[in-house]
1. Amide H to amide H under 5 Å from Ile280: which residues, 5+ apart in sequence or cross-chain, H placed 1.01 Å off N in plane?
2. In debye, nearest 20: dipole of segment 126-222 around its Cα centre with unit charges on the Cβ of K, R (+) and D, E (-)?
3. What spacing in nm lies between the two simple spin-label points modelled at Val189 and Glu477, each 7 Å away from Cα in the Cβ direction?
4. Please calculate the 1.4 Å probe accessible area of Thr212, with all protein chains present, and give it to the nearest 10 Å².
5. Between Arg173 and Gln328, what is the label-point separation in nm under the 7 Å Cα-to-beta-carbon projection?
6. Apply 1/(1 + (r/R0)^6) to the Cβ-Cβ distance of Leu242 and Asp353, taking R0 = 30 Å, and write down the FRET efficiency to the nearest 0.05.
7. Quick one, what does Rg over Rh come out to for segment 126-222 if you take C-alpha atoms and the Kirkwood Rh?
8. Got a number for the accessible area of Tyr199? Probe 1.4 Å, square angstrom, nearest 10.
Amino acid sequence: MAQSVYSSWSLDPCKLSSWVESPHFQPSVACQKLPSVINPRSISLGFTISKGSERRKAMVSYAGNRQGSGSLSISKGLVAEEEETNHSLQKNTCLHKESGDLELSELTAISPLDGRYASKVKELSPILSEYGLIRYRVIVEVQWLLKLSQIPEIREVPNFSNEAKSYLEDIVRKFNIEDALEVKRVENVTNHDVKAVEYVLKKRFEAHAELTKVLEFIHFSCTSEDINNLAHALMLRDALDLVILPSMDQLIDAMCNLAHKYAHIPMLSRTHGQPASPTILGKEMANFTFRLAEQRRKVAEVRLLGKMAGAVGNYNAHLVAYPDVPWQKVAEDFVTSLGIGFNPYTTQIEPHDYIAELFDAIVRFNNILVGFDRDIWGYISLGYFRQHVKAGEVGSSTMPHKVNPIDFENSEGNLGLANAISGHLSSKLPISRWQRDLTDSTVLRNLGSALGYSLLAYKSTLRGITKLEVNEHRISEDLEQAWEVLAEPIQTVMRKHGIPEPYEKLKEFTRGRAVTRESMREFIESLDMPKEAKDGLLQLTPHSYIGAAELLAKAV
């Protein structure tokens with residue numbers, strides 16, 4: 001059986017004679033049922049079929065359905081004679097696939113956040129997805145209507161009964177995927193996502209006698225961005241509070257635990273990649289702990305802002321309809337009731353400066369984590385850490401011995417993607433032509449991508465940390481081979497006791513030479529300084545020359 005370029009298709013030599021109309025050609029072409037993941041609607045296969053000196057061309061066409069079954073048709077033509085002793089079936093395949101033909105799955109998603117990594121970022125899906133955006137829009141629309149009912153000057157929207165309020169609360173509380181799909185169906189007609197939400201809510205209100213009377217006060221005096229900017233702020237608030245900040249806290253806690261756990265392990269430092277004054281392994285973890293905690297605090301302190309000021313930020317329509325209502329105070333009360341800060345000066349859009357500030361802070365957090373990932377990668381390469389081996393895992397497709405630091409590498413790669421998207425968000429969003437252009441709309445749909453890649457990276461680093469096992473013997477070996485690092489304290493004490501050119505003497509003694517315990521001892525004993533000072537220097541080793549590193553590691 002000859003195979004086409006798609007393994008899901010086979011050429012079955014049992015029926016071709018009925019298509020080619022020649023006794024010389026017995027093979028046939030048939031189509032097997034396709035898996036749903038491929039599932040093309042149409043395929044054209046061009047064949048040259050030959051026997052002896054005779055050749056014929058055939059074009060087999062397939063028309064199928066979503067279940068993968070369908071019908072075949074063929075067109076034929078005589079081809080020039082050619083010497084041929086064996087049957088041959090040569091194929092030139094062209095695949096045509098209709099857009100939207102594939103069901104979204106781990107295999108068909110374009111973004112790995114929705115495919116390969118979907119299970120790792122699923123906490124963000126209800127918040128930052130299209131479903132989440134629609135749900136938050138519904139929340140804002142319903143809450144705005146409730147706010148209007150509390151304004152005495154708007155007599156057309158009286159205070160709602162408890163039953164009507166309960167009905168409205170249920171619309172929000174019970175909002176589900178089917179409700180969001182209904183909004184998308186309406187959007188297919190309106191070609192406007194926010195207007196679709198308004199229309200769906202009107203339809204729901206028609207089933208309630210009291211709410212039917214206020215249908216036209218849904219979305220009252222609102223521009224789409226009044227709804228969107230608050231929906232985005234609520235999405236970011238919940239994504240931060242429920243997912244991102246807790247994940248940052250987990251990372252900081254994990255590094256803090258490493259700082260305390262390894263507070264007793266001296267380690268050779270490296271500046272410019274070269275041996276330098278010793279430190280404590282836990283102190284190096286404490287450095288990252290402190291830095292990340294500072295940036296986490298700055299992420300949390302960003303004040304999320306919102307507006308509810310109409311088409312160009314001036315309450316134009318509001319004041320024409322109800323000139324006696326203090327609309328700016330109403331807007332401020334409404335926005336802050338949602339847990340969002342109020343921005344009194346806007347155009348049609350809230351200018352997104354806070355979003356730029358937020359993602360800049362997240363980039364700083366992420367950059368520090370990149371440094372951690374790279375440092376741990378390096379320590380693993382030096383043999384300072386081993387990694388726990390998980391049964392069944394493969395490190396290399398050709399080198400069986402490999403246990404690669406893939407978690408830290410994955411984290412670094414995903415942090416790069418997160419920062420690239422975050423950087424565009426922070427540089428683009430504050431810029432809008434005149435009172436508004438639409439460039440922010442498509443960019444804002446990627447809030448989830450920036451936070452999703454960040455979350456994916458945080459989890460990768462955390463997973464990598466759990467696999468680490470320190471190799472104290474290997475760390476000690478490097479220290480024992482680096483007695484030259486004691487040149488710093490020796491020349492410092494020499495300065496204290498007035499010995500001329502101490503730096504130059506140590507430079508001549510250490511640079512380009514192998515320095516051992518014995519040679520260092522001889523050098524110290526040759527110095528013209530008090531015995532007490534010499535004895536102190538003779539007590540120093542690369543393992544003990546750690547300054548306050550242990551205390552700093554324990555104090556973080």
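The values are calculated or read from the model by the stated rules, or taken from the named source; none is laboratory data. Owing to the predicted nature of the structure, the values given are computational and were not obtained by experimental measurement. Backbone-built Cβ (ideal geometry, glycine too); neighbour counts: all protein chains shown. Just so you know, the surface numbers come from the protein's heavy atoms only, side chains and all, with ligands and any DNA or RNA stripped out. Shrake-Rupley method; radii C 1.70, N 1.55, O 1.52, S 1.80 Å.
1. Met267
2. 60
3. Result: 7.4 nm between the two label points.
4. 60
5. In this crude label model, Gln328 to Arg173 measures out at 3.8 nm.
6. 0.80
7. When Rh is taken as the Kirkwood radius, the ratio is 0.96.
8. Rounded to the nearest 10, that gives 100 Å².
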